[in-house]
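Heads up: the structure comes next, in structure tokens.
The values are calculated or read from the model by the stated rules, or taken from the named source; none is laboratory data. These numbers were taken from a predicted model, which means no experiment stands behind them. As a convention, Cβ positions derive from the backbone with ideal geometry for all residues, glycine included, and neighbour counts pool all protein chains shown. Note: accessible area is taken over every heavy atom of the protein model, side chains too, but ligands, DNA and RNA are not part of it. Shrake-Rupley method; radii C 1.70, N 1.55, O 1.52, S 1.80 Å.
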Amino acid sequence: MYRSSQNWFEFSEIKRALPRYLDSEQELCMLEIGTFEGLSTTFIGDNFLNQPNSSLDAVDPFLYIDDNDHKQYLKDVENKFNYNISISKNKDKISVHKMTSDEFFKTCNKKYDFIYIDGCHLCDFIQRDMENSFERLKENGIMWMDDYLGGAVGDDSIKDTMDKFLESNKIKLTIIHNGYQLAIKKD
């Protein structure tokens, strides 16, 4: 049984909808930015890493930051994440990168079939995560973003930041899911 302090992922749109968009019988190269306690990581691993060469890169610096909007939940996050990954069905196909997404993208040369973004909620980080991820996304790949309707952290709303990205890349993508979370397919 996976350990968690919050059940956010249990009721998330990605958990319900992703099986409609990804084929678990296909070889998939996947990336997750922001892992929290690993419930989304283990869901992806248990359901979509079934082929021998499928893989998931999980990126999270596991920082405890005083002004983090989830500060009250950050105690023992990394230990819960490590435990959850250790009992995941496809744990050997999950590579953990304990660093910021900015650091990760400086050396990342892979192209991904699927990218899930749920990292830092500050708008400048969201913008960079979307831009860097979109660049690393394969044609017809899916990029899924959490917290689209999550409000504001700082001066801009998360939705406004994501909408600006959508507008500037509208000829290169198709929106496939629009709710609290947002998902696009790269054309």
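Looking across segment 4-28, the residues that are open to solvent by less than 60 Å² (accessible area, probe 1.4 Å), under 16 Å from Leu182 (Cβ atoms) and touching a strand residue (DSSP E or B) at 6+ places or on another chain (Cβ under 9 Å) come down to Glu13, Ile14, Ala17, Leu18.
Matching residues to (1) modelled with pLDDT of 95 or more; (2) open to solvent by 70 Å² or more (accessible area, probe 1.4 Å); (3) among the aromatic types (Phe, Trp, Tyr); (4) touching a Gly at 6+ places or on another chain (Cβ under 9 Å):
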residue	(1), (2), (3), (4)
Asp113	yes, no, no, yes
Tyr116	yes, no, yes, yes
Gly119	no, no, no, yes
Cys123	no, no, no, yes
Met130	yes, no, no, no
Arg136	yes, no, no, no
Gly141	yes, no, no, no
Ala152	no, no, no, no
Asp155	no, yes, no, no
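Okay, residues lined up against (1) under 30 Å from Gly151 (Cβ atoms); (2) open to solvent by less than 50 Å² (accessible area, probe 1.4 Å); (3) assigned to a helix (DSSP H, G or I); (4) among the small types (Gly, Ala, Ser):
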| residue | (1), (2), (3), (4) |
| --- | --- |
| Tyr2 | yes, no, no, no |
| Asp57 | yes, yes, no, no |
| Ile85 | yes, yes, yes, no |
| Lys110 | no, no, no, no |
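Mind listing just one residue for me: the one in segment 157-187 that is within 14 Å of the chain's Cα centre (by Cα) and under 24 Å from Glu27 (Cα atoms) and, of those, surrounded by the fewest Cβ atoms within 10 Å (Cβ to Cβ)?
Ala183
The C-beta contact set for segment 22-35 (first residue in contact (Cβ under 8 Å) with a residue 12 or more places away in the chain, second residue among the polar types (S, T, N, Q) and in a strand (DSSP E or B), distance under 6 angstrom, 6+ apart or interchain) comprises Cys29/Ser55.
Can you tell me how many residues within segment 117-137 are without any contact (Cβ under 8 Å) to a residue 60 or more places away in the chain and either in a strand (DSSP E or B) or among the acidic types (Asp, Glu) (or both)?
Residues that pass the stated criteria total 4.
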